[in-house]
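In what follows, a structure is listed as structure tokens, so that the remarks can point back to it.
The values are calculated or read from the model by the stated rules, or taken from the named source; none is laboratory data. Source: prediction; values computed, not measured. Ideal geometry is used to build each Cβ from the backbone, glycine not excepted, and the neighbour counts take in all protein chains shown. For accessibility, only protein heavy atoms count, side chains too; no ligands or nucleic acids. Shrake-Rupley method; radii C 1.70, N 1.55, O 1.52, S 1.80 Å.
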Amino acid sequence: MFSGEPLTSSMTKAGNVRSFYLKTKRGAIVKIVREYYLRNDIPCGLECSTCPITDCSTKLSRKSRAQINKLIPKAHLIVPDVNVLNNQLDVIESSTFGDELILLKTDLNEIRSTNLSLFKRLMDVKGKKNIFLFENQFNEHTYVERLPKETREQYIFRLAISAIKWYQNHIGKKLQIVLLVNDSSTKAKATAEGLTCFTLVEYVENLHDNVELLDKVVRPPDEKMEVDQAIEKAAKFLYPEHLPLAIIQKGIKEGKYYQAKFATNRDNYLEGSVHITMNGEAVRVLISGRENMNRAVNDDIVAIEIAPKEEWKSKSDFVLTADLITEDKDEKELEEPSELENKKDKKSEEGVIKRPTGKVVGIIKRNWRQYCGIIRERDACIMKNTIITSHFFVPIDKRIPMIRIETRQYDSLKSQRILVAIDNWPRDSKFPRGHYVRALGPIGDKATENEILLLEHDIPHLQFTKSVMNCLPDPDKWSIPPEELSKRLDFRDKPICSVDPPGCTDIDDALHCIDLGNGTYEVGVHIADVSAFVKPNTPLDQEAANRSTTVYLVDNRIDMIPTVLSSNLCSLMENRERQTFSVIWKLNAKTAEVIDTRFAKSVIKSRAALTYAEAQLRIDSKDSKDDVTQGLRRLNALAKKLKKKRIDKGALVLASLGEIKFIEVDSETADNVTKIESKQLQDTNSMVEEFMLLANISVAEKLYQEVPQLALLRHHPKPSAANFDELVQACKSHGFDIDVQDGKSLAKSLDGAKDPKNSYLNLMIRMITTRCMTQAQYFCSGKMADPENNFLHFGLATPIYTHFTSPIRRYADLIVHRLLSHVIGDTNLDPVLTSSEKIQTLCENINYRHHQAQLASRASIKLHTLIYIKSVKKPLTEEGYILFVRKNALQILVPRLAFEATYFFESLTDWEYDGLTCTVKYLKKDITLRQFDPVKIKLSLIDKSTEFRKGVEVIDVQLIKPLIESNVKAIST
Amino acid sequence: MESRILLESTSVKTPFRIDGRKPHEVRSLTCRLGVFQQADGSSYVKLGNTQVLATVYGPHDTRGKSNPEKSIINCKFRLSTFSKSTRRNLHRDIRSIEISNNLTQVFDSAILTELYPHSQIDIYLEVVQSDGSDYAACINAASLAIIDAGIPIKDVVCACSAGFIDNQPITDINAVEESSNGTPILTIGMLPKDKQILSMESSGGIHLDNLNDVMDAAIEGCKSVLFIMKQTILNHIQELKD
Amino acid sequence: MFCVPGDRLCVADDKNLGGRGTFLKGSYIYAALAGKVNIIENKDENIFEVMPHGNFVRKIPQVGDVVTCQVEKIVSNQCKCLIKCIADSVLKQPFKAIIRKEDVRATDKDNVELYTCFRPGDIILAKIIGLSESGYLLSTASNEFGVVIARSENGVLMVPVSWTEMMCPEFKVKETRKVARIAIESDSNASTSSKQSNNNF
């Protein structure tokens, strides 16, 4: 007889049903019925005779936490409540709090549904410590039904109580289970049920080793306050109330409010903007002033209401940073210089472009993270007389407001960079409240500053773990395996060479060109085959996916994959056999038309690894006639033709601060900048660039043709006309007309905007144009509608584009390699890449990391400029050009240092600003300064230690030509 | 920011599914035979919250053409308008027709049709409540109804569904798992004795590497289902004898 | 012993045979029905059969079966009827059948007037001789086959008189039918009629 397995008897009480009502999008009400099963085979985490044996990795011990706390001297286990987990995660994370915690699954589910980033942090903590996850949501013994009128919070609490009661019964009297809650009313409720319960504050205060923890504890707002906080509370509410979520959602549906991400203006922290879609158009709404910002912090998701048209303001012409805040005598209130509050006088408002303005009515989601910065200095004598624990924390990120924290460690922390997290921002407090997390290192120390840079930009920079390194082969013993040799095409005899910047160790592309006769050339682009080493679902792959890109700082490079691969086994070094993924074209020699394209995996042996200069020399020298040089000459000629074709289609050539040379938008060869010196543009740069672009386009077309749902592509949306307002106005004031209708007309207008007297004018106009652009983004073709318009790469003027040519430093390229490999029939597709949803998620991560890496690079350049100026030890005199004219400052470009300096007007009454012509007039000397004018400035370091930053130097800018006197004394060192 | 979090770390590696079952546990299955007196054979199957009624009429005279060698099997599948949480009006939609055809083929192979030439056997299936794995429940119900009708059949045809979520093969998919994004589902109907698969139907894409695991999960599920069905049949016969 | 379809009953060889409700596959006999296993032991062989629950076996008309049918309509050369019972078992749903003109009688086949043999509504005993597109082919060409029950034009149940006639007991009217000779003991009328009917076939 055939006998099957019976249903396991551990499932008791089957057929339970939970039903609830939901409202669908259309407004219909549906009854949802779900069944659930309760089990009795859930382990308790201790060495227990009654529970079934599981392969549970965390085991609690019966002796845990003995003798560490005055309140509970004997051994006990802690169960943190949902509110504790939500608010006090820093305390739990710290090592002195101890291991041996029990986490309830119901609490974890609650956190997961409300705050995903917190959930991830919690899972990280769980991985590092000995925390046991008790699955109480399906446990027969601890399950309770939700009562009809019960709120979600009450229900979660009741589940926790039921779980703890059973747990205590289960393990006996010797080991006590302690519930930790956040406030005293919950504590009373729990104690009434017979549980041992303390508030986290009480528990931490009674730990023997609690110095570090006390600072990290978040005190609920109704607990005891410091003196100055009491005075603040007595003041009336400074901000309007936030609307409750239900009203906001209703308003959004009706079209009264809009949901968007709040972005604080980098130059003016009292102003922010959001991007919304109004009537189908993308509109940027300005939110200016403290009250209108209503406690929104950069990156929060907020709900805004648009003000009536009469109240619309123009984009702020001020440059405002927290540095300018001064303290009044009583050290209680902080005031901004009143002139700087956005007072507008009618004269300067006329003719200036008005923007839609709005105000924040409610916060939908806070996206607070941990911020790096320093504690604001207090007057030393006051510190001696009284013990003040309430301090202000000044974040490095200029967009974040100052944060009020409590700490007893002022003396040791005042010279350190510290990490702080925001807890809340009550209505009656001008600034948000937060708590100290940890110290990072001394201020000004190069390593600390670098660390902060990486932390602020969320860049994974820790060393590669052992499990990652284990995935790598031994470089000394490695050679191409014979089965790979037999599968791949053999190009080892072709005249292949690579052309890269000097000092480049990660060579990921090589080229060759052969004359096939009858007017056709064979051109091959060979890209390092990283996918042969980085296999899907290995620790190496996961780490690379997390990093998504190699980050280039001035003195440091954070690699995406370990050096063994990036600089050795994958890099197409000279005279080494390497595995590659090749694109071979047949091109018409005269017109550079593509006749045929094919893709194949191959093996090459590069004849030469040249620099741009070397390659140029070989092309120009009349003696060299070897096949590599001849190939280079052909490539050069073809590249010129290809480039002309692209320019005719409207490809843009723009400029950016980092390189001070002409670059393409989304340049293939300009990512790895390591020096401040400006680069000379040679033919060879452009040559490699053109073929990389052609390769990317060919791969994009092939992928979209074969796997239209799964292709990972890159697009650059055309910026709306409004984005270009600043550019158009700037050029108009100099008599140039910029046509922003499409790429071609824009490129043409940019080419025409030249001033024979000012050689940098065109460069600056291009720099401004770059700032008007939208970001190029990766996306999955299956998730993007309207391919005709949405796949466009505006900057390169191509209808479809992807990244294929740099898998060593970009994860997107690696995915494209895997997809293409599947398309040509070489390998099976990894399950992750069969879903367009998953590919889109990967794209979002890559986009985020890429953006952060760019920001980090720029910040690193700024940091090193500062260090350079410091190292020179005397004030520098530099040539500069006015990039932007503002109401209270001039933003000056210093080409030699690739630096943007800000010159603040010392006294506003001496200057007259005209928004229409973008000029300021210095009244004392009757000098008029226009945008794009050349100036000479003096850069020096001044010590602002008298104000609030001790030992931190700030770059001071003085105008030498035209000469404007100043009262600020520079320091000599 | 959700976009920062990678796929792997959002799923907590929990051993329990959304309704508390472990990955290889089938939902609670109840069957009854002989629920209608007027039909030749009938059955009622309740798999979790999915409830299916099956009735069999035959063998009887054909209405049109008849097959001189064997009996014609005619199978009609119907999803009641009230079976899901929103009322649906389609009766003759593509999915119902597809399932009807599949069921016809399944039972065509399983029933000993050579014994009844020039006749027709009708099988009617009605899904009274749908909560995932409708097709599998239908095969089970039809199988029981045929046995109740006393029509000779090679074996007790049993069926079970399986899927693949979070890199894990899962047996017996319920409606929530079915509707969650991108879950591939495989339903296998088989003759358990010979381990012959009569019907394998899948929706969504299953990667070749995972196919074996998912099939194994479905076949394991069939074993559990078969056990219950056999018990039900034997109980029913014994009751009648008494 | 109870069994379920698919259960293996025994090895198939000379001694063991499969009976009703079983099927042979490979070298084994399997049950095809759910029910009680019955082993009929003869001296040489054992027959395994499965008695289905409810004690009825699904039957359809086979060639050679004796069936009871009801006449539906008479067409020029054939008579359409519905098979209501097969031997003893009553069918839930009738099967379609026809009796051709030439199958009504064994003798003098061609000169048959169907209207004189059968009328719509008569209950007939017949034998299945084959299959056609429009149903089973029946034959009443034998003494024991023919009309068993019939009503007169007045609606009264008639009594058989001879092999060609039946009489209405109330109005004493005779009607022509092809009457079946059913053996009924201890009835003097019947024996007279049976004597009479002996001569004419």
Query raised in the report: Right, B:G163: more than 10 Å from chain C (Cβ to nearest Cβ), touching an Asp or Glu at 6+ places or on another chain (Cβ under 7 Å), part of a helix (DSSP H, G or I) and open to solvent by less than 10 Å² (accessible area, probe 1.4 Å) or not?
Result: no
Residue hits (the range A:826-839; more than 14 Å from every other protein chain (Cβ to nearest Cβ) and at pLDDT 85 or above) are none
Of (1) farther than 20 Å from A:L213 by Cα; (2) open to solvent by 30 Å² or more (accessible area, probe 1.4 Å); (3) in contact with a Lys or Arg (Cβ under 6 Å, 6 or more places away or on another chain), A:F119 fails just (2)
query: Looking at this structure, is A:L472 of a type outside the set (F, W, Y), part of a strand (DSSP E or B), open to solvent by 20 Å² or more (accessible area, probe 1.4 Å) and in contact with a helix residue (DSSP H, G or I) (Cβ under 6 Å, 6 or more places away or on another chain)?
result: no
Those strands (runs of 3 or more DSSP E) completely within the range A:800-905 that have 3 or more residues that are open to solvent by less than 10 Å² (accessible area, probe 1.4 Å), more than 23 Å from A:D500 (Cβ to Cβ) and not polar (S, T, N, Q) are A:876-885, A:889-894
Counting only residues that are buried (at least 19 other Cβ atoms within 10 Å of the Cβ) and under 32 Å from the mean Cα position of the chain (by Cα), the range A:933-944 contains a total of 3
Margin query: With the structure loaded, tell me whether A:K487 is over 17 Å from A:K601 (Cβ atoms), over 38 Å from the mean Cα position of the chain (by Cα) and open to solvent by 40 Å² or more (accessible area, probe 1.4 Å) or whether it fails that test.
Written below: no
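Residue by residue, here is whether (1) more than 18 Å from A:L38 (Cβ to Cβ); (2) among the hydroxyl-bearing types (S, T, Y); (3) not in a helix (DSSP H, G or I) holds:
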| position | (1), (2), (3) |
| --- | --- |
| A:V125 | yes, no, no |
| A:Q137 | no, no, yes |
| A:E145 | no, no, yes |
| A:L159 | no, no, no |
| A:Y167 | no, yes, no |
| A:I177 | yes, no, yes |
Filtering the range B:132-157 down to residues that are more than 10 Å from chain C (Cβ to nearest Cβ) and either among the hydroxyl-bearing types (S, T, Y) or crowded, with 24+ Cβ neighbours inside 10 Å (or both) yields B:S133, B:D134, B:Y135, B:A136, B:A137, B:C138, B:I139, B:N140, B:A141, B:A142, B:A145
Residue count, the range B:196-222, condition touching a Phe, Trp or Tyr at 6+ places or on another chain (Cβ under 6 Å) and of a type in the set (S, T, N, Q), comes to 1
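Conditions tested, residue by residue: (1) outside any strand (DSSP E or B); (2) within 30 Å of A:T805 (Cα to Cα); (3) assigned by TED's automatic domain parsing to the domain that holds A:S821; (4) over 29 Å from the mean Cα position of the chain (by Cα).
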residue	(1), (2), (3), (4)
A:R408	yes, no, no, yes
A:I418	no, no, no, no
A:A421	no, no, no, no
A:H435	no, no, no, no
A:N450	yes, yes, no, no
A:V499	no, yes, yes, yes
Scanning the range A:384-403 for residues that are within 18 Å of A:N367 (Cα to Cα) and among the basic types (K, R), the one modelled with the lowest pLDDT turns out to be A:K398
Exactly one of A:I480, A:I584, A:I558 is buried (at least 18 other Cβ atoms within 10 Å of the Cβ) and over 14 Å from A:S806 (Cβ atoms), and that one is A:I584
Does the range A:134-150 include one or more residues that are over 19 Å from A:R18 (Cβ atoms), outside the structural domain of A:I422 (by TED's automatic domain parsing) and either in contact (Cβ under 8 Å) with a residue 12 or more places away in the chain or open to solvent by 30 Å² or more (accessible area, probe 1.4 Å) (or both)? yes
B:P192 passes all but one of the listed conditions (1) within 14 Å of chain C (Cβ to nearest Cβ); (2) open to solvent by less than 30 Å² (accessible area, probe 1.4 Å); (3) closer than 20 Å to B:Y57 by Cα; the exception is number (3)
Residues of the range B:86-129 being polar (S, T, N, Q) and either crowded, with 16+ Cβ neighbours inside 10 Å or under 19 Å from the mean Cα position of the chain (by Cα) (or both), in sequence order, are B:S96, B:S100, B:N101, B:N102, B:T104, B:Q105, B:S109, B:T113, B:S119, B:Q120, B:Q129
Selection from the range A:775-799 of residues open to solvent by 30 Å² or more (accessible area, probe 1.4 Å), within 30 Å of A:T563 (Cα to Cα) and touching a Cys at 6+ places or on another chain (Cβ under 9 Å) yields A:Q777
Note on C:Q78: of the conditions (1) open to solvent by less than 60 Å² (accessible area, probe 1.4 Å); (2) under 15 Å from C:G135 (Cα atoms); (3) facing another protein chain (nearest Cβ under 9 Å), unmet is (3)
The number of residues in the range A:525-576 that are of a type in the set (A, V, I, L, M) and free of Cβ contacts under 8 Å to residues at least 40 places away in the same chain is 0
Picked from the range A:948-963 (must be surrounded by 15 or more Cβ atoms within 10 Å (Cβ to Cβ) and in contact with a helix residue (DSSP H, G or I) (Cβ under 9 Å, 6 or more places away or on another chain)), the residue modelled with the highest pLDDT is A:I955
Within the range A:587-612, the count of residues that are touching a Pro at 6+ places or on another chain (Cβ under 7 Å), of a type in the set (D, E, K, R) and surrounded by fewer than 18 Cβ atoms within 10 Å (Cβ to Cβ) comes to 0
Yes/no for A:I738 being closer than 25 Å to A:R896 by Cβ and either β-branched (V, I, T) or assigned to a helix (DSSP H, G or I) (or both) | no
Of those in the range C:165-180 that are of a type in the set (V, I, T) and surrounded by fewer than 19 Cβ atoms within 10 Å (Cβ to Cβ), the residue farthest from the chain's Cα centre (by Cα) is C:V173
Of the residues in the range B:195-232 that are more than 17 Å from the chain's Cα centre (by Cα) and among the hydrophobic types (A, V, I, L, M, F, W, C), the one that is farthest from the other protein chains (Cβ to nearest Cβ) is B:L211
Expected single match for small (G, A, S) and at pLDDT below 90 among A:A785, A:A853, A:A812 is A:A785
Picked from the range C:29-46 (must be more than 12 Å from chain B (Cβ to nearest Cβ) and modelled with pLDDT of 85 or more), the residue least open to solvent (accessible area, probe 1.4 Å) is C:I29
